[in-house]
Amino acid sequence: MLSSKWVNGTILHYWFLDGPAAQQQAVRDAFAEWKALGIGLVFTEVQDRSEAEVRIGFDQADGSWSYVGRDVLGIPATQPTMNFGWDLTTDYGRTTALHEIGHTLGLPHEHQNPFAGIVWDEPKVYDYFSGSPNFWPREQTFSNVLRKLDPTEVEGSTWDPNSVMEYWFPAGLIIQPAQYHSGLEPAGGLSATDKEWILRFYPKLKATNPLLTPFVSVPLSLAPGGQANFSIVPSETRRYELGTFGFADTVVVLFEEVKGKLRHLAANDNSGTDRNAKVQVKLFKDRKYVARVRLGWAGASGQTAIMLW
Ligand SMILES: [Zn+2]
């Protein structure tokens, strides 16, 4: 979903709450597999819970799940944002790890894509997911399987039955399309379409960006979900404000370049409101900073601008 996507270039810090070494390694490998596609997001394991946006548990009685995209920022630091409830070292388990990380990257379930045109045998679906290993109450089955996503929140217009974000369904749960009446078994792992779409959301970032100069506003011609990146090299040390203008839903993230690596400095996420993102931060003369702005949705004019002052 567009509104849940991270700003490209975000450094996601993950932390293991517990879990055997082999299970933790399977999760690390799954992060590495997503990263190896060439996406602009960065995944860094940390040893301290307080530094982690992504907190990973292995409660074997809680199934496998993850919050979606930037929703993880709203979860109290005392709680996990992702859980694995079964062995991740099998083929199925490896796909599970990729799937739950896919949620953390902002991907919804493919079978809830309204363009899939799936007609469910609803009583059988409720019955199936109420059993082992899920033990889901009805509302959870509804929200994870039966509920259709809003078409405006879905990218693309087709359905990818082999997506890593698709479930495996046994025979009898799907009435239409008829070819899946005997069950739906995705190939497992990342599909060609998964790889194509994640690179559209999080393309490889360019090494250099246009320079943002204080008190000069720059119009942003962005489509919803689009992103612009700027470099900042202050000529004086002081407090600055960085913000966007126009009726729009924007996210602004500011990084400092330290020894060739970007370090997260400040962020403002005004998701769900039509207020513009703004950050206030002290910047130091001649240091290098990178500002990234992502547009959720634009108002009627479709016009936004960014300025540093
Ligand atoms: Zn899922």
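No lab work stands behind these numbers, since they all come straight from the coordinates. Source: prediction; values computed, not measured. Cβ placement follows ideal geometry from the backbone for every residue including glycine, while neighbour counts extend to all protein chains displayed.
Please label the shape of region 124-237 as rounded, prolate or oblate, based on the square roots a ≥ b ≥ c of the eigenvalues of the alpha-carbon gyration tensor (a/c under 1.5 means rounded; beyond that, a/b larger than b/c means prolate, else oblate).
On the way: a/c = 3.23, a/b = 2.69, b/c = 1.20.
Prolate, since a/c reaches 1.5 and a/b exceeds b/c.
Taking every alpha carbon pair in the chain, what does the distance histogram look like in 20 angstrom bins from 0, in percent?
Taking every Cα pair in the chain, the percentages come to 31, 54, 14, 0.
Using a simple charge model, +1 on the beta-carbon of Lys and Arg, -1 on the beta-carbon of Asp and Glu, nothing else, what dipole does the chain show about its Cα centre, in debye to the nearest 20?
Details: 28 positive and 34 negative charges, 321 e Å.
Approximately 1540 debye in magnitude.
Hey, what did the chain get for relative contact order, percent, Cα under 8 Å, at least 6 apart?
Details: 651 pairs, mean separation 53.4, N = 309.
Relative CO of the chain lands at 17 percent.
Which Cα, out of SER235, PHE84, GLN112, lies furthest along the positive dipole direction of the chain (beta carbon charges, K/R +1, D/E -1)?
SER235
With r as the distance between the Cβ atoms of SER143 and ALA77 and R0 = 30 Å, compute the FRET efficiency 1/(1 + (r/R0)^6) and round to 0.05.
Values: r = 24 Å, r/R0 = 0.81.
Efficiency for this residue pair is about 0.80.
Suppose R0 equals 25 Å; then what is the FRET efficiency for GLN47 and SER231 from their Cβ-Cβ distance, rounded to the nearest 0.05?
Working: r = 31 Å, r/R0 = 1.25.
With a Förster radius of 25 Å, E is 0.20.
Leaving out same-chain residues fewer than 8 places away, which lysines sit with a Cα under 23 Å from that of LYS35?
By straight Cα distance, LYS35 reaches LYS5, LYS195, LYS204, LYS206, LYS259, LYS261.
When the convex hull of the Cα atoms of region 117-181 is projected onto a plane and the area is averaged over all directions, what value comes out in nm²? Provide the component values of the computation, followed by the final result.
Working: hull surface 19.0 nm².
It is 4.8 nm².
Pull up all non-local amide H partners of TRP120: gap of 5 or more, or a different chain, and H-to-H distance under 5 Å with H placed in the peptide plane.
ILE175
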